[in-house]
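The values are calculated or read from the model by the stated rules, or taken from the named source; none is laboratory data. Here the structure is a predicted model, which means the values were calculated and not measured. Ideal geometry is used to build each Cβ from the backbone, glycine not excepted, and the neighbour counts take in all protein chains shown. Surface accessibility is based on the protein's heavy atoms, side chains included, excluding ligands, DNA and RNA. Shrake-Rupley method; radii C 1.70, N 1.55, O 1.52, S 1.80 Å.
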Amino acid sequence: MHKVVITGIGTTVAKHRNPHTLFATLKSGQSLIKEDQTLAAMGIHGVASSPISEQEVTYFQQQYAFLQQSKIAPSGFIGFDALSQSIADAGLDKGQISHAGLYFGTNKTLPTTALLHQLAEPNRAASQLNESIAYYNPQTVFADMVKHFGIAGPHASCADACAAGASSIISGYRKIASGALDIAMCGAADFGTQPVMQLLFKKIGALNQGHSFTDMSAISRPFDRDRAGVVLADGAAFVVIESETSALKRGAKIYAYISGAHRCTESYKMTSTEPSGKYYAQCMETALAKSGVAAGDIDHISAHGTSTKSNDSAESLAIAKVFGSATAVTSTKSALGHSLAGSGAIEVVLSALSLKNQVMLPTLNFSALSNDDGEINVVTKATAKKMNYILSNSFGFGGVNTSIVLARESRC
């Protein structure tokens, strides 16, 4: 097995296009969550979200004018932006990029309300409709990524719901650890604030509604007894990962090591896990076993922590079972919201920076666990701590579960 390291990072979320400034914002306890203005304009008030603005999307479209503008949705542009950041941060040259792999996680982009109106028009030409619908194919930007950067190595995309970002990192990690690849760019992007997506989450009872909070930034409350549903967000992140040998040879900076990871599926229910959290626990335990790291060695856990009653209860019970009540737990979705496919990749970037900076980020809005939760230690303030290992969880609809173990240094 070859040692795998993270040498480049990139994130694109609301008003932040730099992972280091994003980390500083979260460290200071600031939230990116506010009332959803798109829904408010439709007369739907009181829904919180963390959107990338239309002005920001326009900037990306201008910045990357060479992409297929009419066929790439906003999530494609922010994914391309995060990928570009990570490549620049890693200092890869064209030759290194051409031999690298690319793994991109994204979910099917849902139609806007404007397209729904277009589809309902009786005299709309079929050719115009086909062109409009092509805009929502997530593969379009993936093909453009491969072409623009001249990537001749293996490349694949996945749509593992909320675990897609972590799944793409695990795909690249496995290739490098086996010796089949030296370098891979792995990441994900999604626009969770799209109105139809908000509607779907409302229909399954997961959206943040029915709460009594007037401060929108107080609504995302992972693991809190007063949590009232997920806050959706837009976001993208990429990491450049490579073999330690490759990184040392080219003098690259190293953010963290990936000690091991596990991806598995369950078939309990499409939109939730088994309530005891047993499948989450199995995923974390297997990731630890593959890493050769004991549960007691994990200094910090970056939780999936969606602020929904069912997920947070199952995850807290699983964490308590595997790690006990002392290991520190953070959910950055309390400040960022949940960017679906993008979330796992964002959280791996933030976990790598936590190791690099030796700082645990806070979980905002937490006061107390509910009676249905496992006894866990939720971090509520940014805390300096000597850390060697962090475990990052991402769990997706459809029963896709992932856990990734990051290390500050190589064990050998």
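For segment 228-254, the candidate set comprises residues that are open to solvent by less than 10 Å² (accessible area, probe 1.4 Å) and not in a strand (DSSP E or B); within that set, the residue that is farthest from Met185 (Cα to Cα) is Gly229.
Against the criterion of being in contact (Cβ under 8 Å) with a residue 24 or more places away in the chain, farther than 30 Å from Ala289 by Cβ and under 21 Å from the mean Cα position of the chain (by Cα), Ser259 does not qualify. Consider segment 76-101 and keep the residues that are open to solvent by less than 10 Å² (accessible area, probe 1.4 Å) and not hydrophobic (A, V, I, L, M, F, W, C). The one that is modelled with the lowest pLDDT is Gly76. In segment 378-400, the qualifying residues are those that are farther than 17 Å from Ser351 by Cβ and touching a residue at least 40 places away in the same chain (Cβ under 8 Å), and the one that is most open to solvent (accessible area, probe 1.4 Å) is Lys381.
In the set (1) of a type in the set (S, T, N, Q); (2) in contact (Cβ under 8 Å) with a residue 60 or more places away in the chain; (3) open to solvent by 20 Å² or more (accessible area, probe 1.4 Å); (4) under 17 Å from Pro195 (Cβ atoms), the condition left unmet by Ser31 is number (4). Of the residues making up segment 164-182, those that are open to solvent by 10 Å² or more (accessible area, probe 1.4 Å) and hydrophobic (A, V, I, L, M, F, W, C) are Ala180, Leu181. So, in segment 37-73, of the ones that are open to solvent by 70 Å² or more (accessible area, probe 1.4 Å) and of a type in the set (Phe, Trp, Tyr), which residue ends up nearest to Ala228 (Cα to Cα)? It comes out as Tyr59.
Answer yes if at least one residue in segment 271-287 is under 20 Å from the mean Cα position of the chain (by Cα) and open to solvent by 70 Å² or more (accessible area, probe 1.4 Å), and no otherwise. Looking through segment 271-287, none of the residues is under 20 Å from the mean Cα position of the chain (by Cα) and open to solvent by 70 Å² or more (accessible area, probe 1.4 Å). If only one of Ser394, Ser343, Ser351 is part of a strand (DSSP E or B) and under 15 Å from the mean Cα position of the chain (by Cα), which one is it? Going through Ser394, Ser343, Ser351 in turn, the sole match is Ser394. Annotation for segment 209-226: no member residue is assigned to a loop (DSSP other than H, G, I, E, B), touching a strand residue (DSSP E or B) at 6+ places or on another chain (Cβ under 6 Å) and either open to solvent by 20 Å² or more (accessible area, probe 1.4 Å) or of a type in the set (Gly, Ala, Ser) (or both). Flag set for Phe104, criterion: of a type outside the set (Asp, Glu), open to solvent by less than 40 Å² (accessible area, probe 1.4 Å), modelled with pLDDT of 95 or more and assigned to a strand (DSSP E or B).
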